[in-house]
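A.B. asks: The structure under discussion is supplied below as structure tokens; questions concerning it will follow.
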Amino acid sequence: MTVDRISTSFAYDSALNNLMSRQDNLTQTQEQMTSGKRVVKASDDPAAAARAERARALEDRTTASQKAVDASNNAMTLTESALGDASELLQQARELMVSAGDASYSDDERASKATAIKAIRDQLLSVANRPDGQGGYVFSGQGSGGAPFVDQPGGVAYQGVGGSINVATDEPLPLTLDGGNVWLSANTGNGVFVTNNVNSGNAWIDSGRVTSPDLITNSSYDIQFSTAGGDTTYSVLKDGNTVSSGNPFTSGQEISVDGMSFTISGAPADGDDFQTTPSTKSLSVFDALDSAVAQLSKPDQGGSRVQQAVEDSLRNIDQCNSQISSARSFAGTTLQRLDGVKGRLDATELSAQTSRSSAEDLDMVKALSSFNQQQTGYQAALQSYATIQKLSLFNYLNA
Amino acid sequence: MSSSALMSIGVRAMFANYASMQTTGHNIANAQTPGYSRQTVQLASSGGQNTGDGFFGKGVDVVTVKRASDDFLEAQSQTASSMAAMDDARSSNLEQLETVFPPGDTGVGAAVGNFMNAFVDLANSPADSSARQVILSDAAEVADRFSTAGGQLDRLQNGVSSDLRNSVAQLNQMASQVATLNSDIAALRGSSAVPNDLLDQRDELIKQIGNLVKVSTIASSDGTMGVFIAGGQRLVLGAESQQLAVTPDPTNSSRSVISISDSGILHELPGSLLVGGTISGLLQYQNEDLVSARNQLGQMAAAVSGRVNQIQAFGIDLGSPPGAGNPVFAVGGPVATPNAHNLRDAAGGFASSVSLTVTDATQLKASDYTLTPDPATSGNYIVTRQTDGVQFSMAPNGGSYAFTRLSDGAAMGDSMDGMQITINGTLDPNDSFELQPVGRAAVSMARVLDNPAGIAAAAPITAVTGVANTGTATVASLAVVSTSNDPTISTAINFTDASGDYSYTLTDASGNVTSSGNGTWTAGQPIALNGFELNLNGVPASGDTISVVKTAHPESNNGNALAMVGLRDETLVGQDMQIDGTLQDGETATDAYASVLANVGVRVQSAKTSSTLSTAASQQADAAVADKSGVNLDEEAGRLIQFQQGYQAAAKVLQVAQAIFDTLLQMASH
């Protein structure tokens, strides 16, 4: 007769093994609930652990990028306010210049205007050399070994390297601006050509305008006056070659040459020469103000020289202001862009955190329910062990 | 008809019942003894005697004591138990290995990420010494974590060797005990009875040995049991046992192998033959899991260190005077270990040696290699990569060697997998070397730069667009990509038309033109001259100029710091050089670490699953054995009562026989 025998010691052993493994599972669940994490070590869920690791790296990276964005934000805020200050100062200089054109002013009064403009020029130099609070300079471009603008005989020179330094983000965000471009590279003349009073003390030429863009050439032109025969005529030379001559001259009348048009007013003398040359991007704010100061400081100027000085200086100041405004709007739009970048970085950080959490965090509700289940199972196992071990034939045999 | 017949029947019966009770008592006493097989007394009728009136029975005989055992079930249980021990050993050791690669902020990957991210702060303010200090301390943390992890792996290796020694010592003791039992059992073979308890003991010892290493047994006719391991190597034969020993692996003495001592000479047992048992689990862990973990860790260390140092060398630091940056990290170098059996010279040293040089740390693979002389061509060598078995042939080529992949004949150039090999001396045809390009990299990783000013944040060259440019081209990025870059040379690029054609001139520091030429720029492609790559945004117009000159003010330039930040996205671990010279991407540092930890996690998971399955199988097999040969106390209690009653009944028979004899005597005395 075959009997399904249970070996006593084996029965105890296997019941104990069962208890041990239930206890182990219970402890593991408890550990998960205490730490709040489902994945504590990689073997808990290797794919989720790898996902969580990548998400964590992304989180750290966005934090670093946010610091970079803040640095750029600070720099551009400083830049924008510096350029705002510069614009205001130029506006003041402009008003002084306009008022200096008053024909009734004496030399002293003009000289005092000149002094005021000189003071504005010095202030502008210190704005150009504004520090960025971190040991560098706002307008240092790709680096300058100290203050980027240096006042030396011959004018203000830019010591920095052109371009700009960017922070370490995925899109280029600047930390500095190219000072040479902002302060030393305004358009000369009216942007297309420059009018120049070479030697006339009795007439003055205005800034001119473009009437026909297609006809503009890259040549230099001379307007030479002669008063032979009692009439004032002028000849037009292009690159030194005479194009026309004997043109009658009327003060204040428009002269048009090859798409350019300008007005000469006053009474030009014989041999007076006015020139136009193509514009270049080489006008320095400081040179513009320096030459205005120099002109106003000269005594015994006479009406037309003052007119010329005022005309030239206003033209130059306007060009400089336009260059500075354009840089200011660049700083402004960069600040707007930074807001967008910040928003995107915040979204990326949130997404990384969510990804990490979903990979490794514990679903507390699931865990609690499985803990309860395991607890009940463990209790049942303990009870059954206690009950069965009491059952033995030896209990019922008396000697 | 004599009373003596009745008496002898009674005596016999009493004896038989007493023997049964004794055996039952023995069973009860040994209920908890491991390996004990339940014994029962075999009773047989003593037969009958023909008295002419019929056959009268003579009582009961005790034939023998038999133990309940089934060889087949025993063998099954041994095998299952052996497998369970192997899986358990591997699983518990792998759980220890897992602690070397934690996920999250305490891991190696987090330290590398922090280090690279710290360069973002440096890029924000290159002259800031506190940002530099943070970078240095992050670098120390990276080196620290790598070397700690490497040290832990070395300690785990030592632990394996020590566990192997313990297991082998136990095994040797048990083997000699089996041999003793064999001789005892053989000596008792003469009698017709079976020495049950000795047999039980021997079976149990063999099972214990089986838990250490899988054995096969062959019973021989003299009652001894031959025990064989490793596919036929005898461990115990008759009354003699061999001793195992743990010896250093000839290919690399830091690893251990099992050897068997045969007539005083130690023979190495190949690991592939030692299946089953703790020893086999430990060997598999040592030779596969530990090696793989060490190589993967080392590959990351070498690649990160190599690229960081390279970029550092391309940049300018804040020294006085500023110069090229010095290395930040140092890692353990590649190692070539000669096999212990290699040919030696007269003085006892090795006759030949191999040395390795790393040419490109990003191409190093996480694998060990074996180098042997090519048996087909003298002077050539075969290098086998151990992770995937790919073989390369190494042929002398001028002063160095040319590598060819054997599977498809592809030419790999003068370096393979990022390293170059130099052979010193002549190899004997039986020599072999183990090459470890990355195995020792992590444990010796250290930060070797201590001065914050030594961090090369500045790029050596700067690109400036011409002031009078009319096009929309701006500099997107400028990076030094090769050591051929000479920062003292100025490069002037002049665009000759609107479709990107340009002419360039390279001028040295004294103003002499060193080279000039033409090129065409296309959007998205860099302009590569003088060892740098210049990327442009926008479109240049005709007449625009760009000049690339030496950086005038290194203290405010952050170009090299930006390049370091770019390492976060660079796939610098395990790049593959294709035959056509292009580099196939590897993994970024973060992804490489995520891979390693997932890899180890998967190993642990699958080892745990194997262990659970094989433990369950082992328990089932044990249950089957217990069913057959286990002691059930209730059953024994019942039998005890049964034989007690039988004994009492037999005693009664004796009493009656005695009473009859008394009666006869009384009758005879009258």
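A.B. asks: Which cross-chain or sequence-distant (5 or more) residues have an amide H under 5 Å from the amide H of A:V194, H modelled 1.01 Å from N in plane?
C.D. replies: The list, which skips near neighbours in sequence, is A:T277, A:S279.
A.B. asks: Now a separate question. For the pairing of chain A with chain B, what total accessible surface becomes buried, with a 1.4 angstrom probe, in square angstrom to the nearest 100?
C.D. replies: Numbers: alone 21540 and 31580 Å², together 48820 Å².
In total, this chain pair buries about 4300 Å².
A.B. asks: Does region B:355-419 classify as rounded, prolate or oblate by the C-alpha gyration tensor (a ≥ b ≥ c root eigenvalues; a/c under 1.5 gives rounded; else a/b over b/c gives prolate, otherwise oblate)?
C.D. replies: Values: a/c = 1.59, a/b = 1.21, b/c = 1.31.
It is oblate, given that a/c is not under 1.5 and a/b is not larger than b/c.
A.B. asks: Okay, moving on. Mind checking the per residue accessible area of chain B for me, 1.4 Å probe, whole number of Å²? Before the final figure, lay out the partial values.
C.D. replies: On the way: 29480 Å² over 670 residues.
So chain B comes to 44 Å² accessible per residue, rounded to a whole number.
A.B. asks: How would B:H341, B:H670, B:H553 line up by accessible area, probe 1.4 Å, largest first?
C.D. replies: Final ranking, largest accessible area leading: B:H670, B:H341, B:H553.
A.B. asks: From the convex hull of the Cα coordinates of the protein assembly as shown, what is the mean projected area in square nanometres?
C.D. replies: Working: hull surface 273.6 nm².
Computing the convex hull of the Cα atoms and averaging its projections yields 68.4 nm².
A.B. asks: Given just the C-alpha atoms of region A:15-141, how large is their convex hull per residue in cubic angstrom?
C.D. replies: Values: hull volume 18.8 nm³, N = 127.
Residue-normalised Cα hull volume stands at 148 Å³.
A.B. asks: Now for a different question. On average, how many beta carbons from a partner chain sit within 10 Å of the beta carbon of a residue in B:582-590? Let's see the in-between values first.
C.D. replies: Values: counts 0, 0, 0, 0, 0, 0, 2, 1, 7.
Neighbouring Cβ atoms belonging to other protein chains average 1 per residue here.
A.B. asks: Quote the Stokes-Einstein diffusion coefficient, in whole µm² s⁻¹, for region B:581-621, based on the Kirkwood radius over alpha carbon pairs, a temperature of 10 °C and a viscosity of 1.306 mPa s. Write out the running numbers ahead of the final one.
C.D. replies: Values: Rh = 12.8 Å.
Rounded, D is 124 µm²/s.
A.B. asks: B:S542's amide H: which non-local residues (gap 5+, or another chain) put their own amide H closer than 5 Å, with H modeled 1.01 Å from N in plane and none for Pro or chain starts?
C.D. replies: Correct list: B:A498.
A.B. asks: Ignoring everything except DSSP H segments at least 4 long, calculate the 222 nm mean residue ellipticity for chain B; use -39,500 (n - 2.57) per segment, divide by total residues, nearest 500. Display every interim value, and only then the final one.
C.D. replies: On the way: 10 runs with 265 residues, N = 670.
It lands at -14000 deg cm²/dmol.
A.B. asks: Then there's this: Tally up the carbon and sulfur contribution to the accessible surface of region A:130-241 as a whole percent, 1.4 Å probe, everything protein left in place. Kindly include the intermediate steps, with their values, before the conclusion.
C.D. replies: Working: 2020 of 4630 Å².
The nonpolar share, carbon plus sulfur, comes to 44 percent.
A.B. asks: Quantify how strongly other chains surround peptide B:93-102 by giving the mean number of their Cβ atoms within 10 Å of each of its Cβ atoms.
C.D. replies: Numbers: counts 0, 1, 2, 0, 1, 4, 1, 0, 4, 5.
That works out to 2 on average.
A.B. asks: Does anyone have the angle between helix A:46-100 and the longest principal axis of chain A? Alpha-carbon axes, 0 to 90°, nearest 10?
C.D. replies: 20 degrees
A.B. asks: So how tilted is helix B:291-314 from the main axis of chain B? Cα-based, degrees 0 to 90, rounded to 10.
C.D. replies: Tilt of helix B:291-314: around 10 degrees.
A.B. asks: Does any residue of region A:29-61 lose at least 50 Å² of accessible area with all protein chains in place compared with its chain alone, and if so which ones (probe 1.4 Å)?
C.D. replies: A:A42, A:S43, A:P46, A:E53, A:R54, A:R56, A:R61
A.B. asks: Summing +1 for each Lys or Arg and -1 for each Asp or Glu, what net charge is found among the other residues whose Cβ lies under 11 Å from the Cβ of A:N17?
C.D. replies: On the way: positive: A:R22; negative: A:D13, A:D24, B:D622.
In short, -2.
A.B. asks: Please give me the summed charge of the neighbours of B:L529: other residues whose Cβ is under 15 Å from its Cβ, Lys and Arg +1, Asp and Glu -1.
C.D. replies: Numbers: positive: B:K550; negative: B:D486, B:D501, B:D508, B:E533.
Charge balance in the 15 Å sphere: -3.
A.B. asks: Let me ask another. Just add up the charged neighbours of A:Q152: K/R +1, D/E -1, any other residue whose Cβ is under 14 Å from the Cβ of A:Q152.
C.D. replies: Values: positive: none; negative: A:D151, A:D287, A:D290.
In short, -3.
A.B. asks: Per q in 0.13 Å⁻¹, report the Debye log10 I(q)/I(0) for chain A, using one uniform scatterer on each alpha carbon and no solvent.
C.D. replies: For the requested q values the scattering log ratios are -1.11.
A.B. asks: Ignore the peptide's own chain and count Cβ atoms of other chains within 10 Å of each Cβ in A:138-145; give me the average, rounded.
C.D. replies: On the way: counts 0, 0, 2, 4, 12, 13, 4, 5.
Other-chain Cβ atoms within 10 Å of each residue's Cβ, averaged: 5.
A.B. asks: At 1.4 Å probe size, with the rest of the protein present, what percent of the exposed accessible area of region B:491-543 is carbon and sulfur atoms? Before the final figure, lay out each step's value.
C.D. replies: Values: 1170 of 2560 Å².
Looking at region B:491-543 in its full context, I get 46 percent from C and S.
A.B. asks: Okay, next question. List the pairs from B:K207/B:K608; A:K118/A:K298; B:K66/B:K628; A:K113/A:K298 whose alpha-carbon separation is above 18 Å, in the order I gave them.
C.D. replies: Values: B:K207/B:K608 23 Å; A:K118/A:K298 14 Å; B:K66/B:K628 13 Å; A:K113/A:K298 12 Å.
Beyond 18 Å between Cα atoms: B:K207/B:K608.
A.B. asks: With θ taken as phi - 60° and the coefficients 6.51, -1.76 and 1.60, list the Karplus ³J(HN,Hα) couplings across region B:62-75 in order, rounded to whole Hz; mark glycine and proline as x.
C.D. replies: 8, 7, 6, 9, 10, 9, 8, 9, 10, 4, 5, 5, 4, 4
A.B. asks: Same structure again: Report in % the part of the accessible area of region B:128-278 that belongs to carbon and sulfur, leaving out ligands and nucleic acids; probe 1.4 Å.
C.D. replies: 50 percent
A.B. asks: Show me A:245-253, B:609-617 ranked by packing, highest mean number of other Cβ atoms within 10 Å first. Walk me through the intermediate numbers first.
C.D. replies: Values: A:245-253: 11.6, B:609-617: 16.7.
Result, highest mean first: B:609-617, A:245-253.
A.B. asks: Write down the accessible area per residue of chain A in Å², having rolled a 1.4 Å probe over the full set of protein chains. Each step should come with its number before you reach the end.
C.D. replies: Working: 19340 Å² over 399 residues.
Here the residues of chain A average 48 Å² of exposed surface.
A.B. asks: Enumerate the calculated ³J(HN,Hα) couplings along region B:25-40 in order (Karplus 6.51 cos²θ - 1.76 cosθ + 1.60, θ = phi - 60°), each rounded to whole Hz, writing x wherever the residue is Gly or Pro.
C.D. replies: My calculation for region B:25-40 gives x, 4, 4, 4, 4, 9, 4, 9, 5, x, x, 7, 9, 4, 10, 10 Hz in order.
A.B. asks: Amide H of B:N558: which non-local residues (sequence gap of 5 or more, or other chain) have their own amide H closer than 5 Å, using H built in the peptide plane?
C.D. replies: The list, which skips near neighbours in sequence, is B:A459.
A.B. asks: Each residue of region A:226-239 in order: what ³J(HN,Hα) in whole Hz does its phi give by Karplus 6.51 cos²θ - 1.76 cosθ + 1.60, θ = phi - 60°, with x for Gly and Pro?
C.D. replies: Result, rounded to whole Hz: 9, 10, 5, x, x, 9, 8, 10, 9, 10, 9, 10, 10, 6.
A.B. asks: Tell me, what are the semi-axes, in whole angstrom and largest first, of the equivalent ellipsoid of region A:127-193 as set by the roots of 5 times the Cα gyration tensor eigenvalues? Before the final figure, lay out each step's value.
C.D. replies: Numbers: eigenvalues 108, 59, 14 Å².
Ellipsoid semi-axes (Å, largest first): 23, 17, 8.
A.B. asks: Still on this model: Rounded to the nearest 500 deg cm²/dmol, what is the calculated helix-only ellipticity per residue at 222 nm for chain A, with -39500 (n - 2.57) per DSSP H run of length n ≥ 4?
C.D. replies: On the way: 8 runs with 211 residues, N = 399.
About -19000 deg cm²/dmol.
A.B. asks: Okay, next question. Taking one equal scatterer on every alpha-carbon of region B:431-555, how large is log10 of I(q)/I(0) by Debye at q = 0.23 1/Å?
C.D. replies: Normalising to I(0) and taking log10 leaves -1.41.
A.B. asks: With no solvent and one point per C-alpha, what does the Debye sum give as log10 I(q)/I(0) for region B:185-238 at q = 0.15, 0.22 Å⁻¹?
C.D. replies: Those come out to -0.43, -0.84, one per q.
A.B. asks: So how do A:Y158, A:Y396, B:Y647 rank on accessible area, 1.4 Å probe, biggest first, that is with the largest at the start?
C.D. replies: On the way: A:Y158 45, A:Y396 165, B:Y647 70 Å².
From most accessible down to least: A:Y396, B:Y647, A:Y158.
A.B. asks: Given the whole protein assembly as supplied and a 1.4 Å probe, what does the accessible area of A:S282 come to in Å², nearest 10?
C.D. replies: In the full protein context, A:S282 sits at about 70 Å².
A.B. asks: Still on this model: Over region B:528-651, how many percent of alpha carbon pairs lie in each 5 Å bin up to the one with the longest distance?
C.D. replies: Using 5 Å bins, I get a P(r) of 2, 6, 6, 8, 8, 7, 7, 6, 5, 4, 4, 4, 4, 4, 3, 3, 3, 3, 3, 2, 2, 2, 1, 1, 0, 0, 0 for region B:528-651.
The values are calculated or read from the model by the stated rules, or taken from the named source; none is laboratory data. Note that the coordinates shown come from a computational prediction; the quantities given were computed from them, not determined experimentally. Here the Cβ is made from the backbone with ideal geometry for all residues, glycine too, and neighbour counts use every protein chain on show. With ligands, DNA and RNA removed, areas are computed over all heavy atoms of the protein, side chains included. Shrake-Rupley method; radii C 1.70, N 1.55, O 1.52, S 1.80 Å.
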